[in-house]
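Inspection log for the structure reproduced underneath, given as C-alpha cells.
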Amino acid sequence: MAEMEPIDREEFRQEARAWLKANFPPALTNVPGLLFQGDAHAAAANDDYQLWRQRMTDKGWGVPTWAPRYGGAGLTEAHGKIIGEELAAIGGFNPIRSYGTMMLGPTLLEYGDEAQKLEHLPFIASHERRWCQGFSEPGAGSDLAALQTKCIDMGDHWLVSGQKIWTSGADQADWCFVLVRTDTERKQGGISFLLVDMQSEGIEARPIVLISGSTHFCEVFFNDVKVPKGNLVGEVNQGWTIAKRLLQFERNSLSEVKADITPLAPLAHDYLGTDALGRVDSPDLRARMVRNAMRHEAYMATVRRLAAEGKNGGPSHGVSALKNLWSGIIQERAELLVEIMGAYGLGWAGDPYSAAEKEATRAWLHSKAFSIYGGSYEVQNNITAKRTLGLPG
Amino acid sequence: MAVLNEEQTMLKDMASQWVRDRLPVTALRGLYDHGGGGLSGSDGYDAEAWAEMAQMGWCGIIVPEAHGGADFGYLSLGLVIEELGRTLAASPLISSALVAASALRLAGTQDQQARWLPGIADGSLIGTLALDEGPHHAPERTALAATASGDGWTLSGTKRPVQDGMIANLAIVAARTSGAPGDRDGLTLFLVPTDSAGLERQPLDQIDARRPALYRFESVNIAVNDVLGEIGKAADLIDAIRDRAAIGMATEMLGSATQAFDITLDYLKTRVQFGAIIGSFQALQHRAAELFGELQLTRSAVETALAAIDADDPALPALASLAKAIAGETLHRISSQMVQLHGGIGMTHEHDAGLYLKRARVAEQCHGSTAWHRERWARLNGY
Ligand SMILES: Cc1cc2nc3c(=O)[nH]c(=O)nc-3n(C[C@H](O)[C@H](O)[C@H](O)COP(=O)(O)OP(=O)(O)OC[C@H]3O[C@@H](n4cnc5c(N)ncnc54)[C@H](O)[C@@H]3O)c2cc1C
C-alpha cells in the first residue's frame, strides 16, 4: 500500500481523535483492556465495554488494516498506528484485541482460503468469537514439533484425539486453532493446522490453577472429535510452516511497547521513605530500581528505532533478542515492585492489603511466565544465536 | 541504525572506509611500545591522519557556517565518531570538534566564536575541556581558583585528566570565582590558550596509549574577555557541555562495543575445540545472544541522545545520562567477554582484545562514569 502523505496523516489524526473522543466511553478511561480480553464473563457483564466493542466493530477499527469484507476498515499500517496512538492518548484500549486479532487473523489472511476467511475473520473483527491456541502438549513444549495429537482422514471428516496443555482461555474459548499430527513418519513435515469448534463433541477443557491463582489455562482433551474437512488451513502437512508464521505474529505482539508502566519512584518514596537529600532511603534497592528503569527506557527507544527503520519482522531483525530484553526487564520490575512493598507485597487476599498491593503480588507471580511462553528465554537465545548471529549447530 | 538522509549515508560510508584504511587498530598499536605501555614521546594521536580528517570537513560538522563549518548536526558528527570508535582510532575529534565547539556554540560571544571556531573547524586548532580535578567527575567540587586581578583574572590550581591535553591549543577551564568546593554557585569558565605563561602541562601515560595531561596553573593571567558565559554562574553551562561530551563518548563506545562484538563473534565461528566450533556450544551462544541484546539497547539510547541535541529536546540531560550509562555498562561487559571468549590469546598484548578492554575503561570514566550518570539519571527522574 502507498505511504501516506504527511498532510493526509495530520488530517486523519484529527479525524481519529474526534471520532474516538465522541465514541470511547469515558467510564473505561485507563481501565486495562486485558481485563476483558482475558475474561469473557467480565466482558459480557460490562455495558460500557459492550457499547465500545460494538462501536469499534461497526467502524472496523479493531483491525483497521483488514479489508472491509473481513470486518476491517481497509486502512494502511500508518493509519492503524495513528488510531493506536490516539487511543492511547485518551487512556483507551482496543476492545477487539485478542488471540484472534494478534495471531490467528494475520495467519488466516496469509494461509486461509476465501471461505475460511469469510467464515472467521468478521467474528474476530467483532470479537464475538474467542480463540485459543492448542499447540503445546505434555511431551511437546519447547520441542513443539514432537506433538502427537492424532488426526486421521475419515473421508468426509477428520478424527482428532490427544491432549493439549497450557491452552490459555480454553474454558472460555469458542474456537481453537490446533496443531495435529497427520503423518507419523516425518516430524515437522507431518503436522497440520486445524480449526476446531470448542462445542464439538468429545472436547473437554479442564482449568489448571497457576501460581498466580489464575485459572485461565487448561488441559484440553480431544476424544475422537469430528472436524469438518474444510477446517484444515493450507495443505495437509504444511502446518509447521503456518505455525512458525503464527509464532512470529505472537512474538511481535509480545514485544510491543508497554508504555503504561508507571514509574517506581513515587511508590518507593511511599514505602521506603526518603533520606535527607530526598532520595529513596535504600541505596541498594534504589540502584537496582534505577538500572531497571533505565533499561526500560532504552528498550522503549529500541522499539521506536526498529519501527522507524521499518524492522519488525523476522529473526534477522532480532525479534528474539527483543523478546528476551522485554521479558527480562518486565520480570525484574515486577520483582522490584514487590520488594519495594516489603511485607505488604506478600499478601494473597484480605483487607489489610490494598488492591494495588495484591495486584502487584499476582502480577509478579504471573510475570514468571513471560520467559516461558511464546518461546522460552533459552529457546529465544538459541534462535538469536543461530538465525540472527549465524552461529553454527 | 538511525534513519539517515542521503548526505548522512555518504558521510557514514566515507568515514567507515577511511577509518578502516587509515586508522585501523594497527594504527593505535603503533602508539604502544612492546611492553604494552604508551610509546615514549608519543602525542597519543597521528597528526597526519588528523590533518586528513580536517580536510574532509569532520572538524567543522557542528560548527555554524558563518565560522567555517557545515552546521550539519550532532547525529552526523556521531556517524563519524562511531566509526572511529570501531577501530579505537585515537584523535582529538571529540575533545575539539564536539566538546570545545559545543562550548563555544552554547555560550561564546560573537568575538569569541569568530576567534576560535574557524580554527576548530579547519583542524588547525585543537580545543579541549579542562574540568575534572580528581579521580572522579564532580564539577561542583572544582577547586581551581580564579581571583580578580586588574581588569582580568588569575588562575591557580590543577586539572587532571585533560583529554588530549598535550596537543590542545585551547583549554576551556572550569574555575572557582567564589564559594567553596561543593557549591554549584561560583563556577566560571575561561578560554585559556595552552601556551599561556604559568601553565605547565605534564603528559599522563594512560593504559589506552592516549596522552591526556595534568595541567598546573600557577598565576596564569586571563583577560576579561576570555570569560565564557557568565561569571560565577557556569554550573548549568558546564552540565550542558558535559552532556554533549558524554553523548560523544557514548557514541564512540557504541562503535567500540559493536566492533568488539563482531570480532568476538567471528572468533566463535572459527575457533575449534573438542572437535567442534566453539560457537556451537550453547553456553557461548547464549552469551552472544545476550550481548547482542545489550547492543540493541545501546544503539537506541545513543542515537536518541544525539537526535535530542539536534532537536534541542528539554529531556536532553536525562537522555545524555541514559546513553552514557547504558553504553558504559555494555562496553564494559563486551570488552571483558572479548578477552574471556578468546581464551589465552585474548590475554596477549599481541591480540586486539586488550586494546578494546583498556580503551573501554578509559571511556567509561571520561565525562562522567557509568555510576555517575546512573546517579544523575536517578535524581532527574525523582528516585
Ligand atoms: C502462562 C502460559 C501460557 C501459555 N499459553 C499457551 C497457549 O495458549 N497455548 C499453547 O499451546 N501453549 C501455551 N503455553 C505453553 C508454552 O508455550 C510452553 O510452556 C513453552 O513452549 C515451554 O514448554 P514446556 O513448558 O514444555 O517447557 P520445556 O520445553 O520442557 O522447558 C523446560 C526448560 O528447558 C529449557 N529448554 C528446553 N529446550 C531447550 C534447549 N533446546 N536449549 C536450552 N534450554 C532448553 C526451557 O527453556 C525451560 O527452561 C503457555 C505457557 C504459559 C506458562
Residue list for segment A:159-172, filter: within 15 Å of the ligand (Cβ to nearest atom), surrounded by fewer than 24 Cβ atoms within 10 Å (Cβ to Cβ) and hydrophobic (A, V, I, L, M, F, W, C): A:Ile165, A:Trp166
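To keep it simple, each residue is scored yes or no on (1) β-branched (Val, Ile, Thr); (2) within 9 Å of chain A (Cβ to nearest Cβ).
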site: B:Thr304; (1), (2): yes, yes
site: B:Ala327; (1), (2): no, no
site: B:Ile345; (1), (2): yes, no
site: B:Gln365; (1), (2): no, no
Test: residue in segment A:300-308 that is open to solvent by less than 30 Å² (accessible area, probe 1.4 Å), out of contact with any Cys (no Cβ under 7 Å at 6 or more places or on another chain), within 7 Å of chain B (Cβ to nearest Cβ) and not in a helix (DSSP H, G or I): no
Residue within segment B:278-297 that is in the same structural domain as B:Gln259 (by TED's automatic domain parsing), under 18 Å from the mean Cα position of the chain (by Cα) and not β-branched (Val, Ile, Thr) present: no
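Do we find that A:Ala287 is modelled with pLDDT of 90 or more and within 12 Å of another protein chain (Cβ to nearest Cβ) in this structure?
On the way: modelled with pLDDT of 90 or more: yes; within 12 Å of another protein chain (Cβ to nearest Cβ): yes.
Yes; evaluated as a whole, the condition is true for this residue.
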Only listed residue being within 11 Å of chain B (Cβ to nearest Cβ), in contact with a helix residue (DSSP H, G or I) (Cβ under 7 Å, 6 or more places away or on another chain), of a type in the set (Gly, Ala, Ser) and away from the ligand (no atom under 15 Å from the Cβ), chosen from A:Ala321, A:Ala360: A:Ala321
Given (1) closer than 30 Å to B:Gly152 by Cβ; (2) in contact with a Cys (Cβ under 6 Å, 6 or more places away or on another chain), number of the condition B:Asp243 does not satisfy: (2)
Among (1) more than 22 Å from A:Arg129 (Cα to Cα); (2) assigned to a strand (DSSP E or B); (3) basic (Lys, Arg), the one test that A:Arg206 misses: (1)
Residue within segment B:81-88 that is assigned to a loop (DSSP other than H, G, I, E, B) and either surrounded by fewer than 24 Cβ atoms within 10 Å (Cβ to Cβ) or of a type in the set (A, V, I, L, M) (or both) present: yes
Failed condition for B:Leu316, given (1) within 11 Å of chain A (Cβ to nearest Cβ); (2) within 30 Å of B:Leu104 (Cβ to Cβ); (3) buried (at least 18 other Cβ atoms within 10 Å of the Cβ): (1)
Cβ pairs under 9 Å, 6+ apart, first in segment A:375-392 and over 17 Å from A:Trp326 (Cα atoms), second near the ligand (Cβ under 7 Å from one of its atoms): A:Ala385/B:Gln282
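Are any residues in segment B:156-186 assigned to a strand (DSSP E or B) and either open to solvent by 10 Å² or more (accessible area, probe 1.4 Å) or assigned by TED's automatic domain parsing to the domain that holds B:Leu104 (or both), and if so, which ones? Steps first, answer last, please.
In the first step, residues of segment B:156-186 are kept if they are assigned to a strand (DSSP E or B); the result is B:156-162, B:170-176.
Residues satisfying the conditions are B:Ser156, B:Gly157, B:Thr158, B:Arg160, B:Pro161, B:Arg176.
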Of all residues in segment B:23-52 being closer than 14 Å to B:Ile167 by Cβ and assigned to a helix (DSSP H, G or I), the one that is most open to solvent (accessible area, probe 1.4 Å): B:Glu48
A:Glu110 being without any contact (Cβ under 8 Å) to a residue 24 or more places away in the chain and not assigned by TED's automatic domain parsing to the domain that holds A:Lys59: no
Test: residue in segment A:136-155 that is surrounded by 22 or more Cβ atoms within 10 Å (Cβ to Cβ) and either within 14 Å of chain B (Cβ to nearest Cβ) or near the ligand (Cβ under 7 Å from one of its atoms) (or both): no
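Matching residues to (1) within 16 Å of the ligand (Cβ to nearest atom); (2) more than 25 Å from A:Phe36 (Cβ to Cβ):
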{"site": "A:His157", "(1), (2)": "no, yes"}
{"site": "A:Asp197", "(1), (2)": "no, no"}
{"site": "A:Ser212", "(1), (2)": "yes, no"}
{"site": "A:Val220", "(1), (2)": "yes, no"}
Meets criteria (within 14 Å of chain B (Cβ to nearest Cβ), at pLDDT 90 or above and either away from the ligand (no atom under 11 Å from the Cβ) or assigned to a loop (DSSP other than H, G, I, E, B) (or both)) for A:Trp326: yes
Any strands (runs of 3 or more DSSP E) falling wholly within segment B:187-238 and containing at least 3 residues that are touching a residue at least 40 places away in the same chain (Cβ under 8 Å) and crowded, with 16+ Cβ neighbours inside 10 Å: B:187-193, B:213-222
Selection status of A:Ala276, within 16 Å of the ligand (Cβ to nearest atom) and among the small types (Gly, Ala, Ser): no
Residue in segment B:273-295 that is polar (S, T, N, Q), more than 7 Å from every other protein chain (Cβ to nearest Cβ) and touching a helix residue (DSSP H, G or I) at 6+ places or on another chain (Cβ under 6 Å) present: no
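Given the criteria surrounded by fewer than 18 Cβ atoms within 10 Å (Cβ to Cβ), closer than 24 Å to A:Phe222 by Cα and among the charged types (D, E, K, R), does A:Asp113 qualify? Spell out the reasoning first.
Working: surrounded by fewer than 18 Cβ atoms within 10 Å (Cβ to Cβ): yes; closer than 24 Å to A:Phe222 by Cα: no; among the charged types (D, E, K, R): yes.
No: the conditions fail for A:Asp113.
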Segment B:132-156 residues that are of a type in the set (A, V, I, L, M), paired with ones that are in a loop (DSSP other than H, G, I, E, B) and open to solvent by less than 20 Å² (accessible area, probe 1.4 Å) (beta carbon under 8 Å, 6 or more apart): B:Leu155/B:Leu144
Failed item, numbered, when A:Leu391 is tested on (1) closer than 25 Å to B:Thr264 by Cα; (2) within 16 Å of the ligand (Cβ to nearest atom); (3) part of a helix (DSSP H, G or I): (3)
Pair list, Cβ under 8 Å, 6 or more apart: segment A:342-360 residue over 17 Å from A:Asp270 (Cα atoms), other residue open to solvent by less than 60 Å² (accessible area, probe 1.4 Å) and acidic (Asp, Glu): A:Gly347/A:Glu357
Filtered residues of segment A:348-376 (kept if in a loop (DSSP other than H, G, I, E, B) and open to solvent by less than 30 Å² (accessible area, probe 1.4 Å)): A:Gly374, A:Gly375, A:Ser376
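Using the structure shown, decide if A:Asp183 is away from the ligand (no atom under 16 Å from the Cβ) and part of a strand (DSSP E or B). Write out each step before concluding.
Values: away from the ligand (no atom under 16 Å from the Cβ): yes; part of a strand (DSSP E or B): no.
It is false that A:Asp183 is away from the ligand (no atom under 16 Å from the Cβ) and part of a strand (DSSP E or B).
The values are calculated or read from the model by the stated rules, or taken from the named source; none is laboratory data. Not measured: the values here are computed from a predicted model. Positions of Cβ are generated from backbone atoms using ideal geometry, with glycine treated the same way; all protein chains shown enter the neighbour counts. The area values use the complete protein model at the heavy-atom level, side chains included, leaving out ligands, DNA and RNA. Shrake-Rupley method; radii C 1.70, N 1.55, O 1.52, S 1.80 Å.
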